[in-house]
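Worksheet for the structure shown next.
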Amino acid sequence: MGFFERYLTLWVFLCILAGISLGQLFNAPFRFLGSLEVAQVNLPVAILIWLMVIPMLIKVDFGALHHVKRHWKGIGVTLFINWGVKPFSMALLAWLFIGWLFAPYLPAEQLDSYIAGLIILAAAPCTAMVFVWSHLTRGEPNFTLTQVALNDTIMIFAFAPIVGLLLGLSAIVVPWSTLFLSVVLYIVIPVVIGQWWRRAAIRRGGENGLQRVLARLHPFSLGALLATLVLLFGFQGEQIIDQPLVIALLAVPILIQVYFNSGLAYLLDRTFGVDHAVAGPSALIGASNFFELAVAAAISLFGFQSGAALATVVGVLVEVPVMLSVVRIVNATKGWYERNSAFSRRT
């Protein structure tokens, strides 16, 4: 795990402080950046999101999809969690905590927006960091690669309908044209560019050439993430100062859904006799989120100053510590998992 990824929570916290401070000191420049829009798409953010997302999609080998049959049980469990459970469980948690229990402590005009942001966060399965989590659990690399490639393929077609459905059920107006534009801008086009770049790098220098390209792009990707967070908190500063508990309250449903979905995936894998080397990354893929896409979609749909954008960023804030805790649980319970499980009886 790289230095930046290990301390991601710290960098996000520093971006919160920097963004709030700069937003208060230089309000006019932030407003100007927020006004640079074409068809409801903020141009500075679009550029930053591309710099974040494309290097991650270069890592994905869609040729790995032919491994689906080899790990079909683990893949089936993860797909069920990612697309049949996680978005809906997050919607229920958001309605329960944000729409009801915590409603008196949050700005009333932002409640629907917070709920929307949590739904968007849960509808985008993790693409990049999951390779780190899989490695830390000694996961089967071919399974992880296959699952990520399959999730990215499904995300192109399923992200917008699921988000639209759950927003509609939450009585939130769905800007369908902007939602579909977000899918094209932040999923389809980055996938096309990423795969073209990947093949070109491999063609010129093989696997070593690909790693050199990823190493060169890595600082730009990290810088773009931090810059996006500073911009977002520059716009959110006054709201956070007025409601200092808002971040902690938004973190509650995110934490619950991570542990619920990872635990459910892990137990289902054990029930179906899946090898622990597959069950570990299956649980982690089932729980983690593609927060870069979620941030981009929330900003496109609801704007920089929206509660939706803030809710997705809270997902970034808690990502590393909570996922590391899941890694520790998976590793610590390996003996229990393999003892008297369907897998051990089968072998």
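Roughly speaking, what is the stretch gain from residue 180 to residue 220, that is 0.36 nm per residue apart minus the C-alpha to C-alpha distance, in nm to one decimal?
11.7 nm is the gain from fully extending residue 180 to residue 220.
Please sort through the DSSP H helices of the chain and keep those with an alpha-carbon extent of at least 18 Å along the long axis and a Kyte-Doolittle average not below 1.6.
Flagged H segments are 8-25, 43-58, 307-332.
For the chain, I need the span (max minus min coordinate) of the C-alpha atoms along each principal axis, in Å, sorted largest to smallest.
Computed over the chain, the largest-to-smallest principal extents equal 64, 53, 36 Å.
Separation of segment 26-92 and segment 140-199 by C-alpha centroid, Å?
6 Å
log₁₀ I(q)/I(0) of segment 190-266 at q = 0.18, 0.22 Å⁻¹, via Debye over equal Cα point scatterers, no solvent, to two decimals?
The Debye formula, applied to the Cα set alone, gives -0.88, -0.94.
Determine which lysines satisfy two conditions relative to residue 73: a Cα distance under 21 Å, and not lying fewer than 8 residues away in the same chain.
The reachable lysines, counting only those whose Cα sits under 21 Å from residue 73, are 86, 334.
Toward the positive end of the charge dipole of segment 216-347, about the Cα centre and with charges on Cβ (Lys, Arg +1; Asp, Glu -1), which of 294, 218, 271 goes farthest?
Checking the options against the dipole of segment 216-347, the answer is 271.
Given the options 253, 125, 321, state which has the largest fluctuation in a GNM of the chain using a 10 Å cut-off (strictly under) for Cα springs.
The residue with the greatest mean-square fluctuation here is 321.
Could you compute how fast segment 133-185 diffuses translationally, taking Rh as the Kirkwood radius over C-alpha pairs and applying Stokes-Einstein at 20 °C with viscosity 1.002 mPa s? Give it in µm² per second.
Details: Rh = 13.0 Å.
Result for D is 164 µm²/s.
Between residue 100 and residue 328, what is the label-point separation in nm under the 7 Å Cα-to-beta-carbon projection?
3.2 nm
If I take every Cα pair under 8 Å that is 6 or more residues apart in the chain, average their sequence separation and divide by the length, what percent do I get for the relative contact order?
Worked out over the chain, it gives 34 percent.
Testing the spin-label approximation: label points 7 Å from Cα along Cα→Cβ at residue 242 and residue 199. State their distance in nm.
5.1 nm
No solvent, one uniform scatterer per C-alpha: report log10 I(q)/I(0) for segment 13-78 via the Debye equation at q = 0.11, 0.14, 0.19 1/Å, two decimals.
Summing over Cα pairs of segment 13-78 leads to -0.55, -0.69, -0.88.
Using a simple spin-label model with points 7 Å from Cα along the Cα→Cβ vector, what separation in nm is obtained for residue 35 and residue 92?
Roughly 4.6 nm, to one decimal.
Per the Kirkwood formula on distinct C-alpha pairs, the Rh of segment 240-347 is how many angstrom?
Roughly 15.4 Å, rounded to one decimal.
About the Cα centre of the chain, how large is the charge dipole given +1 on each Lys and Arg Cβ and -1 on each Asp and Glu Cβ? Please answer in debye to the nearest 20.
1320 debye
Please say if segment 43-147 is rounded, prolate or oblate, where rounded means a/c under 1.5 for a ≥ b ≥ c the square roots of the C-alpha gyration tensor eigenvalues, and otherwise the choice is prolate for a/b larger than b/c and oblate otherwise?
Since a/c reaches 1.5 but b/c is at least a/b, the shape of segment 43-147 is classed as oblate.
What FRET efficiency comes out for residue 188 versus residue 339 if R0 is 45 angstrom and r is the Cβ-Cβ distance? Round to the nearest 0.05. If you can, show how the numbers build up before the last one.
Numbers: r = 45 Å, r/R0 = 1.00.
It comes to 0.50.
Every number in this text was worked out from the coordinates using simple rules, so none of it is lab data. Since this is a predicted model, take the numbers as computed values, not measurements. Ideal geometry is used to build each Cβ from the backbone, glycine not excepted, and the neighbour counts take in all protein chains shown.
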